[in-house]
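Report on the structure given below.
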Protein chains: 2
Amino acid sequence: MSEKICVRGGRVLEPDGSSAPYRDLIIDDGTIVDIVSPEESRGVTTQIVNATDRLLIPGLVNAHTHGHGSLGRGMGDRWTLELLLNAGPWLSGKRTMEHKYIAAALNAAEMILKGCTSAYDLYFEFPAPTPEGMGTVAQAYRDVGARVVIAPMLADMSLYEAVPGLMDSLPEPLRRQAGQFALNPFEETAAACQTFLESWTHPADEAKPALAPTIPLHCSDPFLERCRDLARAHGVGLHTHLAESRTQAVSALKRYGRTLTAHLDALGVLGPNFTAAHGIWLDDDDIARLAANGCAVAHNPGSNLRLGTGVAPIRKLLDAGVRVGVGSDGTNSSDNQNMFEAVRLAANVSRVADVDPDRWVSAGEALKMATSEGAAILDLATATGRIEIGARADIVFLDLDNINLVPFNDPVNLLVYSEDATSVKSVMVNGRMVLDNGRFTRFDCRSLVRRAQDAAEELRARTAENRQISAQLERHVAKHCLCLCREPYPVERLICDPVKE
Amino acid sequence: MSEKICVRGGRVLEPDGSSAPYRDLIIDDGTIVDIVSPEESRGVTTQIVNATDRLLIPGLVNAHTHGHGSLGRGMGDRWTLELLLNAGPWLSGKRTMEHKYIAAALNAAEMILKGCTSAYDLYFEFPAPTPEGMGTVAQAYRDVGARVVIAPMLADMSLYEAVPGLMDSLPEPLRRQAGQFALNPFEETAAACQTFLESWTHPADEAKPALAPTIPLHCSDPFLERCRDLARAHGVGLHTHLAESRTQAVSALKRYGRTLTAHLDALGVLGPNFTAAHGIWLDDDDIARLAANGCAVAHNPGSNLRLGTGVAPIRKLLDAGVRVGVGSDGTNSSDNQNMFEAVRLAANVSRVADVDPDRWVSAGEALKMATSEGAAILDLATATGRIEIGARADIVFLDLDNINLVPFNDPVNLLVYSEDATSVKSVMVNGRMVLDNGRFTRFDCRSLVRRAQDAAEELRARTAENRQISAQLERHVAKHCLCLCREPYPVERLICDPVKE
């Protein structure tokens, strides 16, 4: 059923971001089939979508998020990554299918409201992923109207087993309590993944599966190899949090006698389907390995700041030819799904790491990461991340009268450095308005918000015991990881004041 | 004329941010006179302002902005501070009184839309400040409905004279062209300042004056001393960009043989009325001097990232007892007036500079900087920055149904880590709604936006020659400053990868 429409009267961001001429878009069955001047479109008699006073940009692509995180918004304050993980069993545990649906829908809705139409979602079901859970997540994204790649987060070792020496550092009876958070043997989890991959029924360009052995240190080597084989057999993506914290980087040298990247390379995990999230504590050899294997990096500058994990070496990755996307990360680690903020940080945090402005990430580079590069990481490059003939019509309508875009000096700079999502008016996915002048067209957002508030309250009671255990463990985790963190490491991604040394 | 109102049905953020109980506010003549439980307010028969489904927080206080910058939104990309200053003559020059008004009004309007009700505005008139210009700026803020401290930016040396060796490094005829940007002798500027201070007629809690010798290196010592004396004689604030860039820090050692702070201290400029903007390249002795003199720091984490100036040592400043506020900086250097983003960055960038989470800026500390501490810096501490009996009713109404605040887990964390201004619905200043459900009540914002677009277009033509000169100078400025930047300095505020050394 072909449905032809004309989006008329707007300014369209040029692919290189340098200008935004008035152009009308002809869309047939969800695909952009022509981009014409206002004069040329006068004769078009199809359904008209009014884009007067609107700037049209491609839907942003979120290369790394966690849909489950939306219910954990604003839960922690001065949490390192390891303190966040220590909170995992209460932050994300004890959830029913209804809770899992609400969390994913809330994440998708916030993305849409803030101009993002596609995401790579590493979804956490504790204690173990289920095919049913992943199907529920897919349905939530589809109900809201966003595209998604869904990767269950996988591990067979808890934080306490994964960080060298941590379990042994705990006093009894805390060690026993930490033991309660032990995970399933990997064979069980791998079997669930196999079912999940084999039973997938959603259309691949709307929702598709992937696998996320979440953190290499949290997965035994045989599990990593199994994930590698499963992903290859089913032609899906592999996504891992790689060298996110200094604690992880130091731990890898202790446990593997080599860096995390070198270890994954030796296991044959790296490849063109592999996305490394964060990739902060990479050395030059790690970067060369990622490049040689055609891997991508999902850069999450917001959560990197929030969790104090450091500044990723993005210029070096780009120089090496590694594809880089931008992610918001989960709402429980940098607490919104605002990709405009993420893209701004992608440009700006690079400037903490180099005095030479020619080495900074430019506005154009950052925007590309958040659009076409992200789409390539999601394996949607031909479908989205650009407004071009042949691409799907995933389009964000921004209000040109909003102060964020006034004066309209330079489109790409305005989008990257100024826009904060307050100018988002409407969002089209696949040629259909999913947000129309601030109102969702496909579901009742107010009802979702009420359900989310209720769910949070219910979960507060259900997770009380896990929360108490995590609270008792917190200071031990903090102390042990801080000691690890202070061990020497051959690269530095944080500021070290020479006065102190 | 007393006008009593009751703001009813909202949740009110507690001063420590830990909770937000349902409370009704009784406001008389712009001042909060009572805070009562919903039951207690039932009998109140005054005018009712409906705050159902709203979270009420104090209007945020912007400790450092530049109203002129709004017309320069998104103008540069990989600009260091010095490259921004090099663009100053075209970016902010050739403006009529109408342009100056529009720029200030646009800045104020964006502040209000994003939940900020008061600002310390360092306003730049090029080539020299005028009492008329400053009066125009005050009027613009008052017309929009925001409180403001207005400090003309003052200098008697151009960038090319201020940076040691820069003028000499320029080839002829560029040196002569840079010479065109020379500034007035300081006596003339000081006389204009005196008139500005003596002729001030606005009510002090709505708009009041201050002085901003903009960058110490750009002011001769006699000028700095004159500013010091003028400020003391009139009881107004002094505000300076202090040790913002590495180039400045290194330049000070060359020119003064001591740090910028030590130099200002020797000149007697430091004191309780002194606010240091940025304060990045401070050493421990500088910090002690600021503390001993009762000075404040306006922390601008957004522009510090954007211009690559580094990460300010906020924990050290707090430990020393220095008052710290948060600023958005000018829209021409970090290109919006979103104080929610600024407060988030204030918490999060501190985490690049220390591995110990106990040393990070907490959510509560950051929010305090952006409210009560900022109000103290603006010398409005008894009036605003808090919702308490006796304070003026400067109140932001946030939509509790907005996803940013869902689930409503922890108020202070949500405000600092999640909120991005998309939930701002209404803003009250001095007990009067200046923004009511997204619409300004006191002026026509759409008309302002049109005037701003027209002004930008007009200025593009008027400043073409200055722009051309700046473009020719750019690569010389970049090269010279990069060399200075690479000279050793005893503290480090950027990441230096040990692998490279």
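The values are calculated or read from the model by the stated rules, or taken from the named source; none is laboratory data. Keep in mind it's a predicted model, so treat the numbers as computed, not measured. All Cβ positions, even for glycine, are placed from backbone atoms using ideal geometry, and neighbour counts span all protein chains on display. With ligands, DNA and RNA removed, areas are computed over all heavy atoms of the protein, side chains included. Shrake-Rupley method; radii C 1.70, N 1.55, O 1.52, S 1.80 Å.
The table below gives the values:
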| read-out | value |
| --- | --- |
| Gain in span if fully extended, A:Met97 to A:Ala266, counting 0.36 nm per residue against the direct Cα distance | 57.1 nm |
| Potential extension, A:Asp16-A:Gln194 segment - 0.36 nm per residue separation minus Cα distance | 60.0 nm |
| Full-stretch length increase - A:Val44, A:Thr201 - with 0.36 nm per residue and alpha-carbon distance subtracted | 52.8 nm |
| Antiparallel bridge percentage (DSSP; both residues within the protein assembly as shown; nearest 5) | 40 |
| Accessible area of chain B belonging to carbon and sulfur atoms, whole % at 1.4 Å probe | 48 |
| For chain A, calculated [θ]222 nm from helices alone, where every DSSP H run of n ≥ 4 adds -39500 (n - 2.57) | -11000 deg cm²/dmol |
| Summed residue charge, Cβ within 12 Å of A:Phe223's Cβ, Lys/Arg positive, Asp/Glu negative | -4 |
| Inter-label distance, nm, simple model (7 Å from Cα along the C-beta direction), A:Gln468/B:Gln468 | 7.7 |
| Number of partner chain Cβ atoms within 10 Å, mean per residue of B:414-421 | 6 |
| HN-Hα J in Hz across region A:380-397 - Karplus 6.51, -1.76, 1.60, θ = phi - 60°, x for Gly and Pro | 10, 4, 7, 9, 8, x, 7, 9, 8, 4, x, 7, 5, 7, 9, 9, 9, 9 |
| A:Arg475 versus A:Ala288: modelled label distance in nm, points set 7 Å from Cα along the beta carbon direction | 4.7 |
| Greater than 30 Å apart at Cα, pairs in A:Lys100/A:Lys316; A:Lys254/A:Lys316; A:Lys368/B:Lys425; B:Lys368/B:Lys425 | A:Lys100/A:Lys316; A:Lys368/B:Lys425 |
| Average beta carbon contacts from partner chains per residue of A:64-76, 10 Å cutoff | 4 |
| Pairwise centroid distance, computed over Cα atoms, of region A:285-347 with region B:19-43, Å | 46 |
| Length-normalised contact order of chain B in % [C-alpha pairs under 8 Å, at least 6 apart] | 21 |
| Estimated vicinal HN-Hα couplings, Hz - region A:185-190 in sequence order (Karplus 6.51, -1.76, 1.60; Gly, Pro = x) | x, 5, 4, 4, 5, 5 |
| Which of A:Cys445, A:Cys219, B:Cys483 is most accessible, then next, and so on - probe 1.4 Å | B:Cys483, A:Cys445, A:Cys219 |
| Selection from B:Leu448, B:Leu253, B:Phe408, by position along the positive dipole direction of chain B (Cβ) | B:Leu448 |
| In nm, spacing of pseudo-spin labels at B:Ala233 and A:Gln180 (7 Å Cα→C-beta vector) | 7.3 |
| Cβ-defined net charge surrounding B:Leu405, 9 Å radius [Lys, Arg +1; Asp, Glu -1] | -2 |
| Residues B:Glu388 and A:Arg486, FRET efficiency given R0 of 45 Å [Cβ-Cβ distance, rounded to 0.05] | 0.60 |
| Computed magnitude of the charge dipole of chain B (debye, nearest 20; Cβ of K, R +1, Cβ of D, E -1) | 840 |
| Residue mean of other protein chain beta carbons inside 10 Å, B:454-464 | 1 |
